[in-house]
C-alpha cells in the first residue's frame, strides 16, 4: 500500500465515525454552523466558502478553541475533496466537540 492509499484508508475509517452532509442538507439548517476550511492558507486564498474561517489541518487541534471555545458549537469542516475534512471532523469529535459535520466531497462538491 502506498502513502496515498493509506491516507484515503484513514479518511474512510474516519467517515465511519463522523457525520458527512451535502450542501443540500446544509441548506436546510435554520442557522449555519461555524464553517472551518482545513486546507492550507494558499488554498484558502484561491477560493473558499463565504464566511469560512481558515485553520489548516496541521494546526486544527491547537487553534480551534480560539474560534470555538464552546464544545457544543456546531462546526462544519471542509477541505478540497473531503478526506482532510473527514479526518478533521473525527479529531474534533475526539476533542469533545459534539456537533461536528464534514462537507461531503469538500469544496469540489460545493
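Readers should treat all values here as calculations from the given coordinates under stated rules, not as data from a laboratory. A quick note: this is a predicted structure, and the numbers were derived from the prediction, not measured. Neighbour counts are summed over all protein chains in view; Cβ atoms, including those assigned to glycine, are modelled from backbone coordinates with ideal geometry.
For this structure, a couple of remarks:
- Count of residues meeting criterion [out of contact with any helix residue (DSSP H, G or I) (no Cβ under 6 Å at 6 or more places or on another chain), in contact (Cβ under 8 Å) with a residue 40 or more places away in the chain, part of a helix (DSSP H, G or I) and under 20 Å from residue 109 (Cβ atoms)] in region 70-93: 1
- Helices (runs of 4 or more DSSP H) wholly inside region 4-69 that include at least 3 residues being free of Cβ contacts under 8 Å to residues at least 40 places away in the same chain, within 14 Å of residue 80 (Cα to Cα) and out of contact with any helix residue (DSSP H, G or I) (no Cβ under 9 Å at 6 or more places or on another chain): 41-46
- Applying the set (1) more than 13 Å from residue 52 (Cα to Cα); (2) outside any strand (DSSP E or B); (3) touching a residue at least 40 places away in the same chain (Cβ under 8 Å) to residue 107 leaves exactly one unmet item: (1).
- Residue in region 75-92 that is surrounded by fewer than 19 Cβ atoms within 10 Å (Cβ to Cβ) and more than 12 Å from the chain's Cα centre (by Cα) present: no
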